[in-house]
Amino acid sequence: MLNPDYKSELKNIVINAGIGAFGIVFLNIMAFVNNAIITRTLGDDDFGLFVLATNILYFISIISQLGFGSTIMRYVSYYTGQGSREKTKGTILYGIKILFIVSLIIAIIAIVISPFISQDIFERPEMNSYLKILLL
């Protein structure tokens with residue numbers, strides 16, 4: 001037989017997994033609806049430019065994270081396990097400050113070079129406005 005504590009923990013895991021699965025399904029449905037609305041509004045060609053601009057933005061966001069996500073998670077769990085609340089808070093605040101500054105710098109650089117990206121790399125000058133809107 002299972003221990004009653006395990007049963008309650010298992011019940012919490014199942015409930016949380018169900019909520020997570022519902023969230024994933026809901027996000028996929030909303031992404032489909034969003035894409036349908038954007039395609040109808042922009043048209044085929046502009047929708048392709050929009051998708052290209054979002055993929056460029058996704059690539060830039062990966063660069064701007066600098067691997068801090070897993071690093072912060074590691075040190076927060078380490079300091080929490082040690083019971084050092086101050087170091088945990090300091091790690092989170094330091095990570096937020098550094099990532100904000102780096103993200104701001106990368107966003108400014110990306111806005112400045114967006115004409116180069118759209119005209120010289122992809123030869124689609126009309127993509128420049130999509131890049132700038134998404135970067136902001």
What's the FRET efficiency of I111 with T71 using the Cβ-Cβ distance as r and R₀ = 25 Å, to the nearest 0.05?
0.40
Which lysines, on any chain, are close to K87 with Cα under 27 Å apart, when same-chain ones fewer than 8 places away are left out?
K97
Starting from the Cα gyration tensor of the stretch 1-74, take the square roots of the eigenvalues, sort them a ≥ b ≥ c, and report rounded, prolate or oblate (rounded when a/c is under 1.5, otherwise prolate if a/b is larger than b/c, else oblate).
oblate
Angle check, please: helix 68-82 long axis (alpha carbons) against the longest principal axis of the chain (alpha carbons), in degrees 0 to 90, nearest 10.
20 degrees
How long is the gain from F59 to I29 if the chain were fully straight, where each residue apart is worth 0.36 nm and the alpha carbon distance is subtracted?
8.4 nm
Under the classification rounded if a/c is under 1.5, otherwise prolate if a/b is larger than b/c and oblate if not, where does the chain fall, given a ≥ b ≥ c as square roots of the Cα gyration tensor eigenvalues?
oblate
Report the relative contact order of the chain, percent, no decimals, based on alpha-carbon pairs under 8 angstrom and at least 6 residues apart.
24 percent
Which order do M30, M73 take when ranked by solvent-accessible area (1.4 Å probe, heavy atoms of all protein chains), largest first?
M73, M30
Where labels lie 7 Å past Cα in the beta-carbon direction, separation of I38 and S84 in nm:
4.3 nm
Can you give the local net charge around V76? Use residues other than it whose beta-carbon is closer than 10 angstrom to its beta-carbon, Lys and Arg +1, Asp and Glu -1.
+3
Output the 0 to 90 degree angle, nearest 10, between the alpha-carbon long axis of helix 4-42 and the longest principal axis computed from the alpha carbons of the chain.
10 degrees
Computed [θ] at 222 nm, helices only, for the chain once each DSSP H run of length n ≥ 4 contributes -39500 (n - 2.57):
-30000 deg cm²/dmol
Between the stretch 1-71 and the stretch 75-101, the Cα center-to-center distance that results, in Å:
26 Å
Using Cα positions and a limit of under 22 Å, work out the lysines in reach of K132, with same-chain residues fewer than 8 apart set aside.
none
Can you pull the percent of the chain's accessible area that's carbon plus sulfur, 1.4 Å probe, other chains left in place?
69 percent
With every protein chain kept in place and a 1.4 Å probe, the stretch 12-127 has an accessible area per residue in Å² of 74 Å²
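The values are calculated or read from the model by the stated rules, or taken from the named source; none is laboratory data. The shown structure was predicted, so the numbers you read here are calculated from the model rather than taken from an experiment. Positions of Cβ are generated from backbone atoms using ideal geometry, with glycine treated the same way; all protein chains shown enter the neighbour counts. Each accessible area value is taken on the protein alone, full model and side chains, heavy atoms only, with ligands, DNA and RNA left out. Shrake-Rupley method; radii C 1.70, N 1.55, O 1.52, S 1.80 Å.
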